[in-house]
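The values are calculated or read from the model by the stated rules, or taken from the named source; none is laboratory data. Since the structure is predicted, the reported quantities are computational estimates derived from the model, not experimental observations. Cβ sites come from the backbone with ideal geometry, for glycine too, and all protein chains shown count toward neighbours. SASA here: full protein model, heavy atoms, side chains in, ligands and nucleic acids out. Shrake-Rupley method; radii C 1.70, N 1.55, O 1.52, S 1.80 Å.
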Amino acid sequence: MIPSLLRSMDHVIDLTCREMDLVDCAALIFTLKHSDRVQLNLLWTSIPTGEIKSILFTLDKVSRLSVDRNLLLRFVRCCAASDAQQGAAVSLLRTVQHRLDLSCSTCVELLEEQQSETLSLTGDDCRAVSTVLRHSNQDTKLDLQDCEVEDSGLDLLFPVLDRVLLKASKTVLLQLVSLVPVNIEGDTLRRAVSLCRALDGELDLSHTTLDQRACGALALMLDFSEGLTELDLSHCELTDELLLTLIAHLHKVQVLDLTHNKITDASTDMLLQLVSINPSIDAVRLFRNNIVDRTPFKENKQFEIW
């Protein structure tokens with residue numbers, strides 16, 4: 001009867017916003033075991049803790065899994081709990097289309113007002129995410145927007161960033177940049193290269209406040225990394241002194257946005273020199289700074305300041 005039932009539902013089992021008990025879970029698991037390539041919708045579905053593992057081991061029968069971020073995190077934790085369960089990580093990644101989305105983008109309007117905008121990830125959560133990602137056979141999208149993570153948790157993610165396409169809040173991005181420098185130079189190099197690759201060549205730190213420590217870490221990352229094509233440092237409270245920390249390491253960036261900072265005429269010469277010795281720079285945006293004499297910049301089409 002199961003194949004006929006699934007055909008009548010277009011091979012979609014939709015349990016969105018359901019509160020399932022043990023009997024319901026047993027029925028679902030039985031159905032999945034006798035099906036093939038079915039879509040399973042579990043957005044905001046309540047599942048007893050002990051049944052997560054059983055559902056996890058039936059994901060080889062599922063073509064696509066839709067889950068909210070809280071349930072996804074429960075599946076991830078379950079995968080990482082033992083060596084035997086780690087074998088299910090491949091199926092989990094496949095069914096979520098190689099996207100671990102821990103942002104608010106999966107919120108259902110019905111329950112949106114009940115959800116906190118920020119999800120706090122513990123060190124154990126990050127360890128579980130890292131464990132699952134080690135089983136990835138292709139780039140996986142990791143979305144940490146609307147998340148807050150302790151530094152110790154982010155440390156655990158660095159080893160798998162080379163297989164990740166990362167989206168994250170500005171706060172988390174700044175944390176990651178600040179964590180690039182470590183005691184061993186080889187590890188610093190690996191962190192810088194992996195983070196740059198995970199960001200797909202674009203780093204947006206706009207509207208974050210950069211201090212001397214953050215600029216020093218960013219400079220080190222830029223020094224060790226290749227392929228960072230766009231760097232957005234607009235609205236970052238950058239002064240001439242902070243820009244001086246970065247300037248020698250900006251030659252690899254193709255598009256540099258320094259809009260709405262505190263840069264003055266004192267930085268004119270080093271900005272002109274940066275562009276003159278690095279023809280690969282396509283654009284340097286300097287709108288809304290404290291530069292009075294704009295004439296030197298207007299003579300160079302690579303600067304945008306008018």
For the stretch 165-306, what does the accessible surface come to per residue with a 1.4 Å probe? Please give it in Å². 48
List every residue whose amide H lies under 5 Å from the amide H of Glu304, counting only residues 5 or more places away in sequence or on a different chain, with H placed 1.01 Å from N in the peptide plane. Val284, Arg285, Leu286
How about Lys53: which aspartates and glutamates have a C-alpha closer than 16 Å to its C-alpha, ignoring those fewer than 8 places off in the same chain? Asp21, Asp24, Asp83
Looking only at lysines whose Cα falls under 26 Å of Lys252's and that sit 8 or more positions away or on another chain, we get Lys141, Lys167, Lys170, Lys262, Lys298, Lys301
Over the chain: helical MRE at 222 nm, DSSP H runs n ≥ 4 each giving -39500 (n - 2.57), nearest 500: -11000 deg cm²/dmol
³J(HN,Hα), Karplus 6.51/-1.76/1.60, whole Hz, each residue of the stretch 47-62, x for Gly, Pro: 10, x, 3, x, 8, 4, 4, 5, 5, 4, 7, 9, 5, 5, 8, 9
Do any trypsin sites (Lys or Arg not before Pro) in the stretch 7-73 lie in a DSSP loop with no more than 10 other beta carbon atoms within 10 Å, and if so, which? Arg37
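As an exercise, identify the GluC sites (Glu not before Pro) in the stretch 199-233 lying in DSSP coil whose Cβ has no more than 16 other Cβ atoms within 10 Å.
Working: sites: Glu202, Glu226, Glu230; in loops: Glu226.
Sparse-neighbourhood loop GluC sites (Glu not before Pro): Glu226.
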Could you calculate the contour length gain from Arg37 to His11, that is, 0.36 nm times the residue separation minus the distance between their Cα atoms, to one decimal place in nm? 8.6 nm
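What whole-number value in Å² describes the accessible area per residue of the stretch 34-86 for a 1.4 Å probe?
With the other protein chains kept in place, the stretch 34-86 gives 41 Å² per residue.
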Counting only protein heavy atoms and using a 1.4 Å probe, what share of the accessible area of the chain belongs to carbon plus sulfur, as a whole percent? 49
Inter-centroid distance (Cα atoms) of the stretch 26-104 relative to the stretch 204-255, Å: 40
